[in-house]
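Data block below; observations after.
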Amino acid sequence: MEQFLEFAGIGKSFPGVRALNDISFRVQRGKVLALLGENGAGKSTLLKIMSGDLKADEGTITLDGKEMNFNSPNDAIKAGISVIYQERQLIPSLSVAENIFPGELPRNKIGLLDRPQLKRQTQELIDKFGLSIDPSVPVGSLSVAYQQMVEIIKAYRRNSDVIAFDEPTAPLTDTEITILFNLIRQLKEEGKMILYVSHRLNEIFQVTDEIVVLKDGQLVATLKTAETTEADLIHSMVGRDIGDTYSSLSRNDKIGDVLLEVTNLATPYVSDISFKLHKGEIVGFAGLVGAGRSEVMRGIFGADPVLAGEVKLNGEIVNFKSPKDAIDAGIALCPEDRKEQGLVLFSSIKNNVSAPVIDKLSNSIFRNPKLEEEIAQAAIDKFSIKTPNSEKMCLELSGGNQQKVILGRWTSPLVTTNILILDEPTKGIDVGTKQEIYQMVCDFAKQGMGVIFVSSEMPEVIGVSDTIIVMHNGHITGTTTRADNPTEESVLAMAMLD
């Protein structure tokens, strides 16, 4: 009997979003299947369903003809399915051996841990893959690459038939990638079924046999790697029409002088970053997961140390030691994770809006509640925040309204904002609110602000920005402008350059 992992009619919805719709394909034994798609295509959701982290709303998963029903990741592991995520599922303080045998440590006759046997069994597994890892060292002392090897050995030791890799090479060097690929080939030769998620097209052609392409939760192509070109893949992954969403925007047509100039900027996470932002201009930053876009913003904003290069504001060199320095200089950042970094969720709209100007709302003893309420109400009115009053907790607001509270904070009458950095401003937001935010961004530019717009959604970067800077692997790989008539295909090609 032919053996394979099969997804049949998988569907999954979240409030306001159809994440997966009728996804059907097979992974054969002894094959590596690539799962490709832009950010938000549905790849991670599918992996979470397969691993028991989520339940599908429709459809089935079968392994060698047997239907799988998982209530937890542990159920999936017991069934022979392991997912190796970018975030390590290891306990740093425990040894390599203890991490490889979690919950199944060998015991001696009196029930104590049999360390010699544990080391011997672990060493046999390590030797099988030809790795130089000491079973007794804390796993936290290993490099990221070797921690990943430990994850693979752990999955192999469980006798997993299906092993999925989620962006496995993102933190690895070329030498480490070679070691990883050798391990994957060994697993393939042993008849394992392997799913491989990556944005790096050159890797797909090195290590996979088949390719499934997802776009907006739909399966758009199933391809044989040997019969496919890079151009074919890029064409399959893009092709959406930006449409009237962007053509109807009222834009700024008066770009002013240079407001911000970044030259050869380097931080611990990015290098050789150079660009200019003019008054009234929207500069978009595009790139795939791990490209380094947010890290550039953190460097400019004083959240990460600048190791080299310079930043000029209105022609003067600045050296921000902290975000407060940047805020005092008129730079505001709306972070990617608004819930963790942008808002105090268990506090009111009023308190969140007034946070940057609390010193201006108080004397040495008393706050000015009337002025604080006026500022909060002005933000509610300006951005049409849906709330009965300013006392409503931000936790109770929708994602779109939470984003509007952050915008209200940085555009209040008591705040001077000359540069507004928006990192994934429409993440998790419904289509209608996205349109509102796009117009707000254009309005900020018309008021003379310089706006940096960071997004993983290429249509909105192309549709909103005057200039687009494309990044990959911590550096800039291309720049284009609205006048160049960029397409998703051309931007994606730059985002995949090494």
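What the table below lists for this structure:
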| read-out | value |
| --- | --- |
| Set I84, I153, I77, I110: member being within 25 Å of K31 (Cα to Cα), of a type in the set (V, I, T) and out of contact with any helix residue (DSSP H, G or I) (no Cβ under 8 Å at 6 or more places or on another chain) | I77 |
| Residue in the range 187-197 that is under 24 Å from P73 (Cα atoms) and assigned to a helix (DSSP H, G or I) present | yes |
| Lone unmet requirement of (1) modelled with pLDDT of 95 or more; (2) more than 18 Å from the chain's Cα centre (by Cα) for R482 | (1) |
| Any hit, the range 98-113, residues being crowded, with 19+ Cβ neighbours inside 10 Å, assigned to a helix (DSSP H, G or I) and touching a Lys or Arg at 6+ places or on another chain (Cβ under 8 Å) | yes |
| One residue from D304, D325, D232, D253 being assigned to a loop (DSSP other than H, G, I, E, B), over 19 Å from the mean Cα position of the chain (by Cα) and either of a type in the set (D, E) or under 30 Å from G42 (Cα atoms) (or both) | D253 |
| Leading residue by the ranking (surrounded by the fewest Cβ atoms within 10 Å (Cβ to Cβ)) among those in the range 292-318 that are free of Cβ contacts under 8 Å to residues at least 12 places away in the same chain and either out of contact with any helix residue (DSSP H, G or I) (no Cβ under 9 Å at 6 or more places or on another chain) or closer than 20 Å to P486 by Cβ (or both) | E316 |
| Selection count, the range 328-343, where residues are modelled with pLDDT under 90, part of a loop (DSSP other than H, G, I, E, B) and surrounded by 13 or more Cβ atoms within 10 Å (Cβ to Cβ) | 3 |
| Candidate set: the range 75-97, residues that are in contact with a Gly (Cβ under 7 Å, 6 or more places away or on another chain) and in a helix (DSSP H, G or I); chosen: the one surrounded by the most Cβ atoms within 10 Å (Cβ to Cβ) | A76 |
| Positions within the range 249-291 being buried (at least 22 other Cβ atoms within 10 Å of the Cβ) and farther than 27 Å from M440 by Cα, in sequence order | V270, I273 |
| Neighbours by Cβ (under 9 Å, 6+ apart or cross-chain): first from the range 10-33, on the phi > 0 side of the Ramachandran plot and modelled with pLDDT under 95; second exposed (fewer than 14 other Cβ atoms within 10 Å of the Cβ) and charged (D, E, K, R) | G30/E189; G30/E190 |
| Matching residues in the range 458-498 - criterion: being within 30 Å of T416 (Cβ to Cβ) and out of contact with any Phe, Trp or Tyr (no Cβ under 9 Å at 6 or more places or on another chain) | D466, T481, R482 |
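Quick grid of which residues meet (1) under 22 Å from the mean Cα position of the chain (by Cα); (2) under 16 Å from E6 (Cβ atoms):
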residue: K48; (1), (2): yes, no
residue: G52; (1), (2): yes, no
residue: D57; (1), (2): no, no
residue: L63; (1), (2): no, yes
residue: N71; (1), (2): no, no
residue: D75; (1), (2): no, no
residue: I84; (1), (2): yes, no
residue: S95; (1), (2): no, no
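The values are calculated or read from the model by the stated rules, or taken from the named source; none is laboratory data. Being a predicted model, the structure only gives us computed values, none of them experimental. Cβ: placed from backbone, ideal geometry, glycine included. Neighbour counts: every protein chain shown.
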